[in-house]
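Some notes on the structure that comes next.
FYI, it's all coordinate maths here, none of it is from the lab. Note that this is a predicted model, so its numbers are computed, not measured. Here the Cβ positions follow ideal geometry from the backbone for every residue, glycine too, while neighbour counts run over all protein chains shown.
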């Protein structure tokens, strides 16, 4: 039993754990992978903070609101941007090795949608170096980590009138045993869900939305699932991310004829659509950084050179890099309030699995790392404060028994259908029908096929019957989570009959502020997806 249980050990989870401990709470971090392997390391371009000459917090707020396209919570965005300087100063103080200018100041570059150079960076490894520095800080603070534990279900204390989240059941990969962790409050920090697009995603294979699916099953509201950001420059064959830092440094986009065809630093939603259209028109699009020179590339963009050589067999110093837009970041997530608490008492959420309403319809590049620092601290301190107000939770074996029954049922599945093949089909289906551009016909077709896959689950299952490190079983459970989210995503995409930011409907090509200047809200009721809309909060005026 601890005061605060953090599920997920990426950047958001570790910041939350540090903040909760600093607030006096006992903390445990449980994750299905290792901290240094989380998706945070993919945020290569930088972290926004208005510390440069000619920049201002007001300008950062304006850029973020513009990118959010009417769906940004002004109060949350104000907090995000105003605390940006303090966040970068704090990261600098814990040892993040930011690149420096000639004057020894933290170096900054301009990312898409920004009005000036605002992203503080560490070469093109910013997220990775922040992640390692946070892990070092957690080790110094003696934070308790439990790695290789797969989240199965949240534990609900429903003895009184109110249902409270009081822990979670995990399957430990090493032993194969179920383990229940109890806590007065729980922070979900499990990352996003863009792996629904499978090979058409920059994300690691573990970004399957397990935390969101568990929260949905427990009764939490998730919102804005229709907004999935496609990164303009994924490698053509591997979908590996080529950082926006390459364009921020002056990289050009060329079509198959060798001509520049668009503004490389426009917001990601518009740029991804422009690239997609150009690929269909001329046959290919390339990123060109040859003119930057070998010395600059090796000093500022070393990872991009390595990735291009490794996965596309091209050297950016002398060759063009073939690219395509791929699913990258999920703006939607578990709906939370200003304290980072969900609609379920005792459940907090932060990072890509949460929706703090700061990204709206399209995330501004450089704001994701900032979000996990600012709201990671908020989630940790809020969860710790809430934990002090709660009595000890009652230990119950009910949820663990239900998970045992589920796993026993999976073992009885017939394995007539290969779920790995279905997972690949799901990714291709989503990229084609629920990707950069969408239509009602395509979305309904996708929904029908998702329902078909759900009905086929008893014919799938895991072939590996072993107990220890049964990754086959866990990958099957991940697939079931992806199907849950796929259905919820399609419901939201169908219901939003307009085009806004990352949600582009070819049959409703205009933005509709009269009907849809609102957040979609999805919940599961008797295992059926229900969807509605909630208002966007305006900025709280100071009295």
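Quick notes
- Relative packing of 190-200, 5-15, which averages over residues the other C-beta atoms within 10 Å, highest first: 5-15, 190-200
- Ranked by the mean number of other Cβ atoms within 10 Å per residue, highest first, peptides 169-181, 254-266 order as 169-181, 254-266.
- Inverting the pair-averaged 1/r between distinct Cα atoms of region 78-117 gives 11.6 Å as its Kirkwood hydrodynamic radius.
- Share antiparallel - DSSP beta bridges, the chain, percent rounded to 5: 70 percent
- For residue 86 and residue 467, the FRET efficiency from 1/(1 + (r/R0)^6), where r spans their Cβ atoms and R0 equals 60 Å, is about 0.80.
- Two-decimal Rg to Rh for region 344-407 - Kirkwood Rh, Cα set: 1.13
- Computed Rg/Rh of region 124-278, alpha carbon atoms with Kirkwood Rh: 1.07
- Taking region 398-535 and dividing mean pair separation by its residue count, relative contact order in percent (alpha carbons under 8 Å, at least six apart): 23 percent
- Computed on region 398-535, the Cα convex hull volume stands at 128 Å³ per residue.
- Among the listed values (1) 150, 62, 43; (2) 63, 52, 49; (3) 159, 63, 43, the one computed from these coordinates for Cα extents along the principal axes in Å is (2).
- Separation of alpha-carbon centers, region 329-391 and region 86-119, rounded to whole Å: 23 Å
- Relative packing of peptides 435-443, 372-380 - highest average C-beta neighbours within 10 Å first: 372-380, 435-443
- For region 466-543, the percent of C-alpha pairs falling in each 10 Å distance bin, counted from 0 to the bin holding the largest distance, reads 15, 32, 25, 17, 8, 2, 0.
- Residues 74, 397, arranged from fewest to most other Cβ atoms within 10 angstrom of their Cβ, appear as 397, 74.
- Look at the alpha carbon pairs under 8 Å that are at least 6 residues apart: their mean separation over the length of the chain gives a relative contact order of 22 percent.
- Spatial separation of Cα centroids for region 1-80 and region 429-454, in angstrom: 32 Å
- Residues 451, 328, 359, 299, sorted so that the one with the fewest Cβ neighbours within 10 Å comes first: 299, 451, 328, 359
- Inter-centroid distance (Cα atoms) of region 169-227 relative to region 255-290, Å: 34 Å
- Estimated [θ] at 222 nm from DSSP helical runs (n ≥ 4, -39500 (n - 2.57)) normalised by residues in the chain, nearest 500: -11500 deg cm²/dmol
- Here, region 200-343 has an Rg and a Dmax of 17.7, 54 Å when only alpha carbons are counted.
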